[in-house]
Amino acid sequence: MAVLGTKRAAFLPMALIALAVDQLGKLHTATALDPGDRAPLLGDLLGWTNVPAMGGAFGIFRDWLPGAQLIGFSALALAATAMIVVFYRGLAPGEQGSAAGLGAMLGGIASHTLDRLRYGSGVDFLHLGPPTSNVLPDFSLADVAIVLGVATLIIELLAAEFTARAAERPRR
């Protein structure tokens, strides 16, 4: 059976790429910077940082004890992974865009989970803005993979909806 041009060609490779690139970025930062330090990467636009991320998005679980955080994040990761697998299985074989989006999300979730298991927290290694600025939050490529995965799914959904509506319009 041909795999190229199918959802399988996009899903797992995208998950593995997101996981690997994020973990390599964290490895570089851990060896190059002490915790809390920042260094420029692209001038004042983007920099490296080495910051533990105790909470999740929007501060979820931030005030929980470390063991409770691990349980909470693990439960969320399992639930999200199960939902991703269910959605992936429901995709038509040629839906590569949605499969890639789901794969990116899975890779980001896997990388965050690996961080929590290894370090007891997430690890942010990218900083937007000047090194002395704290206006924008620090983040990781796992965060970017999750956000881009969600954005891809939204774009795919909107494109399908627009196509369906265009097909329903009477022709003049």
For Asp124, distant residues with modelled amide H under 5 Å away = Val51, Ala53
Relative counts (whole %) of C-alpha pair distances in the range 94-172, using bins that are 10 Å wide | 17, 30, 26, 15, 8, 3, 0
Highest GNM mean-square fluctuation, the chain, Cα pairs closer than 10 Å: which of Ala30, Ala68, Ala77?
-> Ala68
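If you place +1 on the Cβ of every Lys and Arg and -1 on the Cβ of every Asp and Glu, how big does the dipole about the Cα centre of the range 1-88 come out, in debye to the nearest 20? Intermediate results must be reported in sequence, preceding the final value.
Details: 5 positive and 5 negative charges, 78 e Å.
It comes to approximately 380 debye.
Between Rg and the Kirkwood Rh of the range 55-95, both from Cα atoms, what is the Rg to Rh ratio?
On the way: Rg = 14.3 Å, Rh = 11.8 Å.
Answer for the range 55-95: 1.22.
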Considering amide H positions built from the backbone, and no H for Pro or chain starts, which residues 5 or more places from Glu95, or on another chain, come under 5 Å of its amide H?
-> Lys7
Over all pairs of different Cα atoms in the range 15-94, the reciprocal of the mean inverse distance gives a Kirkwood radius in Å of 15.6 Å
Taking a temperature of 10 °C and a viscosity of 1.306 mPa s, what whole-number D in µm²/s does Stokes-Einstein yield for the chain with Rh from Kirkwood over alpha carbon pairs?
-> 90 µm²/s
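Would you calculate a helix-derived [θ] at 222 nm for the chain, using -39,500 (n - 2.57) for each DSSP H run of n ≥ 4 and dividing by the full residue count, to the nearest 500?
It comes out at -21500 deg cm²/dmol, rounded to the nearest 500.
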Among Thr31, Thr81, Thr49, residue whose mean-square fluctuation peaks in a GNM of the chain (springs only between Cα atoms under 10 Å) = Thr31
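Ranked by Cβ crowding within 10 angstrom, fewest neighbours first, how are Met105, Met83, Met14, Met54 ordered? Numbers along the way, then the final one.
Numbers: Met105 27, Met83 12, Met14 24, Met54 15.
Starting with the residue having the fewest Cβ neighbours, the order is Met83, Met54, Met14, Met105.
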Taking Ile146, Ile154 and counting other beta carbon atoms within 10 angstrom, the fewest-first order is Ile154, Ile146
Have a look at Phe87, Phe11, Phe73 and tell me which one the Gaussian network model of the chain (Cα, springs below 10 Å) gives the largest fluctuation.
-> Phe87
In debye to the nearest 20, the charge dipole size for the chain, taken about the Cα centre with +1 at each Lys and Arg Cβ and -1 at each Asp and Glu Cβ, equals 740 debye
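No lab work stands behind these numbers, since they all come straight from the coordinates. The structure displayed is predicted, hence computed values, not measured ones. Counting neighbours? That spans all protein chains shown, and the Cβs are built from the backbone with ideal geometry, glycine included.
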